[in-house]
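K.L.:
First the structure, which I've put down as structure tokens, then a few questions once you've had a look.
The values are calculated or read from the model by the stated rules, or taken from the named source; none is laboratory data. Keep in mind that this is a model prediction, so the values were computed, not measured. Cβ sites come from the backbone with ideal geometry, for glycine too, and all protein chains shown count toward neighbours.
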Amino acid sequence: MSKKKELLWQSRFSEPFDREALLFSSSVDVDKELYQEDITGSIAHVTMLSEEAIIPAEEARLIIEGLQEIEEEISTGSLVPHWEDEDIHTVIENRLKEKIGPIAGKIHSGRSRNDQVATDTRLYLKRSIEEIRQALKELKTVLVDKAEAYRRTIIFGYTHLQRAQPISAGHYYLAYFNMFDRDNQRLQDLYKRVDISPLGAAAFAGSTLALNAERSRDLLEFEGLFHNSIDAVSDRDIIIEFVSACSIIMMHLSRFAEDLILWSSYEFNYLEISDAFATGSSIMPQKKNADIAELVRGKTGRVYGDLMAMLTIMKGLPLSYNRDMQEDKPPLFDASKTARSSVRIFTKMLENTSIKENRLSSLVAKDLSLATEIAEYLVQKNMPFRDAHRVTGKIVSHVIESGTTLPDMTLETYRTFSDLFDEDLYDALKPEASVNAKKTHGSTSFASVEEQIISARTRI
């Protein structure tokens with residue numbers, strides 16, 4: 001592929017394209033990712049051309065067989081794209097010409113590079129969406145399994161990174177399940193807008209040839225067909241929406257990763273990440289670092305950058321197509337691969353993470369996070385909540401100053417703050433009672449968590 005070839009568009013020009021300019025504008029190192037989609041789209045286009053008698057059936061057969069051979073050559077590595085071919089579409093067409101001669105040029109009848117690339121991109125997006133949705137399904141399955149396994153394990157719930165109230169660990173895992181379930185819904189909804197064929201729009205104004213765009217749509221298994229040929233080739237909102245969806249997925253992963261990083265530290269020591277998903281230090285032998293979680297957190301910034309790149313590329317482009325749009329591929333491919341690989345590795349890491357139930361049980365039983373139960377106990381005794389809040393705040397101050405715990409404080413001491421306290425207070429100060437006292441929809445009670453697990457399994 002190193003020998004010099006004429007560029008497909010060069011016949012109008014009297015001077016050869018500058019070598020450095022060609023190197024600068026070549027995208028083959030990036031868009032070679034689309035070789036399968038490009039060949040699939042070309043076979044559909046040629047099939048339609050033959051059926052509409054725009055090219056002879058025998059020539060169509062030769063073209064299609066040649067394209068199939070080229071796909072095999074690229075996939076096996078016997079055909080290596082070279083930057084001097086400008087892009088993957090040129091690589092394929094030039095190789096086809098080497099194989100079957102000038103009739104290879106008929107592959108482009110009624111088709112522009114513009115609707116060709118738009119078609120390839122939509123085919124790639126359809127595949128990427130389904131791959132990420134499958135990865136999310138596996139992650140959601142693990143989350144429900146964790147929720148089931150730890151549905152009666154009590155951990156700390158946090159607000160402001162401060163211990164807030166005891167909750168079921170299952171409730172915690174189901175919170176992330178719902179986040180990733182919405183991520184899946186976003187991709188599912190986006191798929192409808194991606195699943196539209198742009199093939200037949202040509203450069204942007206359509207073609208004088210009797211193309212059958214509906215047939216091309218059918219051959220490529222797109223659900224819909226473009227309404228406007230200008231829009232079909234000149235917008236990239238589906239890429240922006242896809243990268244945005246990937247960014248939200250990564251944001252959810254990053255928040256989850258932050259929890260795991262903190263909770264696996266010596267300072268928290270709430271859970272254990274398997275050694276298979278941790279690393280050590282090159283100088284400190286005692287270290288066990290949650291590097292996979294940290295990498296997922298770090299890669300989130302890359303995907304955010306991909307989104308900003310796409311928005312910036314498109315923000316000032318006049319209709320219709322502009323070469324700037326060539327730059328949509330790096331952020332698209334990067335966001336897709338990063339989101340997919342991050343979800344997959346995070347799922348494996350989560351499968352191999354366990355909660356330290358004994359440690360958490362002893363911590364929760366004596367913690368100030370039970371203070372809300374005191375306030376609500378007083379409310380049930382007909383004390384206004386604001387008054388109950390003030391009383392409880394004074395009790396918490398006393399506990400901190402005296403070095404005792406809420407369950408260990410005597411009833412006589414409690415009654416110095418309010419004569420509404422009675423022996424039944426101590427039942428409310430048990431973590432299990434605190435959790436199960438929650439009566440509202442979607443709460444952390446064991447019964448509610450059981451219901452949420454059943455609902456979640458039906459949504460996987």
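K.L.:
List the residue pairs whose Cβ atoms are under 7 Å apart, where the first residue sits in the range 26-46 and is on the phi > 0 side of the Ramachandran plot, the second is buried (at least 22 other Cβ atoms within 10 Å of the Cβ) and at pLDDT below 85, and the two are 6 or more positions apart or on different chains.
P.N.:
No pair meets every condition.
K.L.:
So, one more: With the requirement that a residue be over 23 Å from residue 52 (Cβ atoms), out of contact with any Phe, Trp or Tyr (no Cβ under 9 Å at 6 or more places or on another chain) and of a type in the set (Val, Ile, Thr), what does the range 101-131 give you?
P.N.:
Hit for the range 101-131 is 121, nothing else.
K.L.:
Another question, if that's okay. From the list 65, 84, which residue is within 25 Å of residue 324 (Cα to Cα), surrounded by fewer than 21 Cβ atoms within 10 Å (Cβ to Cβ) and not hydrophobic (A, V, I, L, M, F, W, C)?
P.N.:
It is 84.
K.L.:
May I ask you to list the residues in the range 426-458 that are out of contact with any Pro (no Cβ under 7 Å at 6 or more places or on another chain), crowded, with 17+ Cβ neighbours inside 10 Å, closer than 13 Å to residue 152 by Cβ and aliphatic (A, V, I, L, M)?
P.N.:
449, 453
K.L.:
Can you spot a residue in the range 369-390 that is surrounded by 19 or more Cβ atoms within 10 Å (Cβ to Cβ) and either polar (S, T, N, Q) or in contact with a Lys or Arg (Cβ under 6 Å, 6 or more places away or on another chain) (or both)?
P.N.:
Checked the range 369-390: at least one residue is surrounded by 19 or more Cβ atoms within 10 Å (Cβ to Cβ) and either polar (S, T, N, Q) or in contact with a Lys or Arg (Cβ under 6 Å, 6 or more places away or on another chain) (or both).
K.L.:
Let me ask you something else. State whether one or more residues within the range 257-274 are exposed (fewer than 15 other Cβ atoms within 10 Å of the Cβ), of a type outside the set (Phe, Trp, Tyr) and in a helix (DSSP H, G or I).
P.N.:
no
K.L.:
Taking the range 176-217, which residues are buried (at least 22 other Cβ atoms within 10 Å of the Cβ) and β-branched (Val, Ile, Thr)?
P.N.:
194
K.L.:
If residue 1 satisfies all but one of (1) at pLDDT below 80; (2) within 37 Å of the chain's Cα centre (by Cα); (3) assigned to a helix (DSSP H, G or I), what's the number of the condition it fails?
P.N.:
Of the numbered conditions (1) at pLDDT below 80; (2) within 37 Å of the chain's Cα centre (by Cα); (3) assigned to a helix (DSSP H, G or I), the odd one out for residue 1 is (3).
K.L.:
Which one is farthest from residue 121 (Cα to Cα), of the residues in the range 166-220 that are assigned to a strand (DSSP E or B) and not hydroxyl-bearing (Ser, Thr, Tyr)?
P.N.:
166
K.L.:
Taking the range 77-88, which residues are in a helix (DSSP H, G or I) and under 16 Å from residue 37 (Cα atoms)?
P.N.:
Within the range 77-88, 88 is the sole residue that qualifies.
K.L.:
While we're looking at this one, here's another question. Taking residue 283 as the residue in question, decide whether it is buried (at least 17 other Cβ atoms within 10 Å of the Cβ) and either out of contact with any Leu (no Cβ under 6 Å at 6 or more places or on another chain) or among the acidic types (Asp, Glu) (or both).
P.N.:
Against the criterion (buried (at least 17 other Cβ atoms within 10 Å of the Cβ) and either out of contact with any Leu (no Cβ under 6 Å at 6 or more places or on another chain) or among the acidic types (Asp, Glu) (or both)), residue 283 does not qualify.
K.L.:
Restricting to the range 14-56, count the residues that are assigned to a loop (DSSP other than H, G, I, E, B), at pLDDT below 85 and not hydroxyl-bearing (Ser, Thr, Tyr).
P.N.:
Total meeting the criteria: 4.
K.L.:
Would you mind finding the one in 373, 401, 327 that is assigned to a helix (DSSP H, G or I), farther than 30 Å from residue 273 by Cα and touching a strand residue (DSSP E or B) at 6+ places or on another chain (Cβ under 9 Å)?
P.N.:
The match here is 373.
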